[in-house]
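First up is the structure itself, then whatever we jot down about it.
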């Protein structure tokens, strides 16, 4: 510890205190004292001028000491006003008059309250917080014929100008000596902390991780961050600070200006304020693109993609919105079931951006695109999204994983509490019709998933025309077309088609029809031609085709309709061929399909 004499600047509010300070300092060998008489009325410029010199500690009293604490980072020791100092002043006031009041900052009035309560003195004691209040308070006292004011230096000056009689509270030698002792102790403690702070600062500067420390006022307390978008990072940390008030969090991923960062937080309490220590690591994942089946995105990007999607234009149903609102009331895992192309990705996006976790990243893991390297990264790497917290992780197409990989994934989720540390959404392009081979079954049972089933497009035939019309409008804008609808005979063709690829296929078919159409209405022949081509490209699997073993326990009209669908499927949706094979006209065929 440093044993040199410390340099003290003593600012006395009156000349008598300056003399006492100087005499007491002469008898000490542990300090060098420089004094001058000054107070708040001297102006901040004069005080600041003295503070520019090299002093270890500043000693002053009352309002002047309070002002100095705001002007300098040098420790300021306030000369206390003892009970004896106030009692001596009260006795002096009693000799002069009986109607007097005590006015001052809390350093004076708190001691005065204690003394007057103990001695049962009935004296007006008024605490001031700001110098600007003094004149108004003294005016009120003067109107009450209270002409004697026990006060500090600042109040004394103003009282004289107002024609009142101030009695200045002076500090005795014991109070000044105590302030010297406290100054020595504070300096030694402060010097020790400065040394430790210097060592820690140098240590932080050598670290590879970037550190930014913010205080309660969102001001930068410390930073060794040298990243290119340093300013943007600091602004982002300030924006998430209200969410961080509860405490620390482990490493989590954040998107800042389209760059991915791993950020961890440690919260500490220091000098009556909170300090938030952020450690920032750039680009902790393979990369941000979906090249390896792993993609990071945020709320704004996800929301924009959803509202500009074909799914939103064609099937933004009220019932689905209600289900999403109810599901988002919990943080339970969700699994979205349905055939390929039914909009599972879009529903997962909506679950994310309408949830309370939408300020954190949306991590999309597409199992169809994962290779061995990215799978190993997910399962074993420290920077895997599975090591993160408080995010929404969407694991899509789990049916694409092998049985071993599904077991690995489920075990990892359970053993690491991934579904409790993050919001987990899964999707599977198989339904629950075959329990023996359904890849979603174990996830549903072990994770207590909420299931959300999306029906295939062929079950939504009543919505197909309105959905198609909405998309035609969007296509007109993008392709500079003026298509306003379909020929009447074309509509049954669309309704009767099986749509094995669901919305993905419908979107592609509609786009091709609009591109090939140069008239206001899409022709029946165009629809028939394109659907025939689709039937060849995407033949309906035998397991999904209408069964030839008909159920005869239903009305004849329904049986006839089943027969028509089977023949139509066998003819690759070519209605002319199907009508010829059935021995009926195309008009009769359309009537059966309605």
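Look at region 552-586 and say how many of its residues are over 22 Å from residue 499 (Cα atoms), in a helix (DSSP H, G or I) and modelled with pLDDT of 75 or more.
The total comes to 3.
Looking at 393, 413, which one is touching a strand residue (DSSP E or B) at 6+ places or on another chain (Cβ under 6 Å) and at pLDDT 90 or above?
Selected residue: 393, the only one of 393, 413 that is touching a strand residue (DSSP E or B) at 6+ places or on another chain (Cβ under 6 Å) and at pLDDT 90 or above.
As an exercise: evaluate residue 499 against (1) on the phi < 0 side of the Ramachandran plot; (2) more than 37 Å from the chain's Cα centre (by Cα); (3) not in a helix (DSSP H, G or I) and give the number of the one condition it does not meet.
Checking residue 499 against (1) on the phi < 0 side of the Ramachandran plot; (2) more than 37 Å from the chain's Cα centre (by Cα); (3) not in a helix (DSSP H, G or I), the one that fails is (1).
All but one of (1) at pLDDT 90 or above; (2) more than 46 Å from the chain's Cα centre (by Cα) hold for residue 515; state the number of the condition that does not hold.
(2)
Let's see how each residue does on (1) outside the structural domain of residue 87 (by TED's automatic domain parsing); (2) out of contact with any helix residue (DSSP H, G or I) (no Cβ under 9 Å at 6 or more places or on another chain); (3) assigned to a loop (DSSP other than H, G, I, E, B); (4) surrounded by 19 or more Cβ atoms within 10 Å (Cβ to Cβ):
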{"residue": "117", "(1), (2), (3), (4)": "no, yes, no, no"}
{"residue": "121", "(1), (2), (3), (4)": "no, no, yes, no"}
{"residue": "129", "(1), (2), (3), (4)": "no, no, yes, no"}
{"residue": "133", "(1), (2), (3), (4)": "no, yes, no, no"}
{"residue": "136", "(1), (2), (3), (4)": "no, yes, no, no"}
{"residue": "145", "(1), (2), (3), (4)": "no, yes, yes, no"}
{"residue": "149", "(1), (2), (3), (4)": "no, no, no, yes"}
{"residue": "154", "(1), (2), (3), (4)": "no, no, no, yes"}
{"residue": "166", "(1), (2), (3), (4)": "no, no, no, yes"}
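Residue by residue through region 125-143, note down the ones that are over 10 Å from residue 158 (Cβ atoms), touching a residue at least 24 places away in the same chain (Cβ under 8 Å) and out of contact with any strand residue (DSSP E or B) (no Cβ under 7 Å at 6 or more places or on another chain).
Residue satisfying the conditions is 129 alone.
Could you identify the single residue in 526, 469 that is touching a strand residue (DSSP E or B) at 6+ places or on another chain (Cβ under 8 Å) and part of a helix (DSSP H, G or I)?
Unique residue meeting the criteria: 469.
Among the listed residues 218, 185, 202, 231, which satisfies the condition of being surrounded by fewer than 16 Cβ atoms within 10 Å (Cβ to Cβ), in contact with a helix residue (DSSP H, G or I) (Cβ under 9 Å, 6 or more places away or on another chain) and either at pLDDT 85 or above or not in a strand (DSSP E or B) (or both)?
Sole residue among the options that is surrounded by fewer than 16 Cβ atoms within 10 Å (Cβ to Cβ), in contact with a helix residue (DSSP H, G or I) (Cβ under 9 Å, 6 or more places away or on another chain) and either at pLDDT 85 or above or not in a strand (DSSP E or B) (or both): 218.
Would region 77-86 turn up any residue that is in a helix (DSSP H, G or I) and crowded, with 17+ Cβ neighbours inside 10 Å?
In the first step, residues of region 77-86 are kept if they are in a helix (DSSP H, G or I); the result is 83-86.
The next check asks that each one be crowded, with 17+ Cβ neighbours inside 10 Å; those that pass are 85-86.
There is at least one residue in region 77-86 that is in a helix (DSSP H, G or I) and crowded, with 17+ Cβ neighbours inside 10 Å.
Sort out which residues of region 385-408 are surrounded by fewer than 18 Cβ atoms within 10 Å (Cβ to Cβ) and without any contact (Cβ under 8 Å) to a residue 60 or more places away in the chain, and write them in order of number.
399, 400, 402, 403, 404, 405, 407, 408
Report the residue count in region 340-359 for those that are surrounded by fewer than 20 Cβ atoms within 10 Å (Cβ to Cβ), in contact with a helix residue (DSSP H, G or I) (Cβ under 8 Å, 6 or more places away or on another chain) and in contact (Cβ under 8 Å) with a residue 60 or more places away in the chain.
2
Counting just the residues of region 473-486 that are crowded, with 16+ Cβ neighbours inside 10 Å and touching a strand residue (DSSP E or B) at 6+ places or on another chain (Cβ under 7 Å), which one comes out nearest to residue 592 (Cα to Cα)?
486
Among the residues of region 440-463, is there at least one that is assigned to a strand (DSSP E or B) and within 17 Å of residue 293 (Cα to Cα)? Talk me through it step by step, then tell me what you get.
To start, the set of residues in region 440-463 that are assigned to a strand (DSSP E or B) comprises 450-453.
Still in the list and also within 17 Å of residue 293 (Cα to Cα): none.
Scanning region 440-463, I find no residue that is assigned to a strand (DSSP E or B) and within 17 Å of residue 293 (Cα to Cα), so the answer is no.
One line per residue, one yes/no per condition, for (1) more than 28 Å from the chain's Cα centre (by Cα); (2) outside any strand (DSSP E or B); (3) more than 22 Å from residue 280 (Cα to Cα); (4) outside the structural domain of residue 429 (by TED's automatic domain parsing):
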{"residue": "322", "(1), (2), (3), (4)": "no, yes, yes, no"}
{"residue": "332", "(1), (2), (3), (4)": "no, yes, yes, no"}
{"residue": "335", "(1), (2), (3), (4)": "no, no, yes, no"}
{"residue": "341", "(1), (2), (3), (4)": "yes, yes, yes, no"}
{"residue": "349", "(1), (2), (3), (4)": "no, yes, yes, no"}
{"residue": "355", "(1), (2), (3), (4)": "no, yes, yes, no"}
{"residue": "363", "(1), (2), (3), (4)": "no, no, no, no"}
{"residue": "368", "(1), (2), (3), (4)": "yes, yes, yes, no"}
{"residue": "376", "(1), (2), (3), (4)": "yes, yes, yes, no"}
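Could you check, for region 481-488, whether at least one of its residues is assigned by TED's automatic domain parsing to the domain that holds residue 522, in contact with a helix residue (DSSP H, G or I) (Cβ under 6 Å, 6 or more places away or on another chain), in contact (Cβ under 8 Å) with a residue 24 or more places away in the chain and assigned to a helix (DSSP H, G or I)?
For region 481-488, residues assigned by TED's automatic domain parsing to the domain that holds residue 522, in contact with a helix residue (DSSP H, G or I) (Cβ under 6 Å, 6 or more places away or on another chain), in contact (Cβ under 8 Å) with a residue 24 or more places away in the chain and assigned to a helix (DSSP H, G or I): absent.
The values are calculated or read from the model by the stated rules, or taken from the named source; none is laboratory data. Remember, it's a predicted structure, so these values are computed and weren't measured experimentally. Here Cβ is always computed from backbone atoms with ideal geometry, including for glycine, and neighbour counts include all displayed protein chains.
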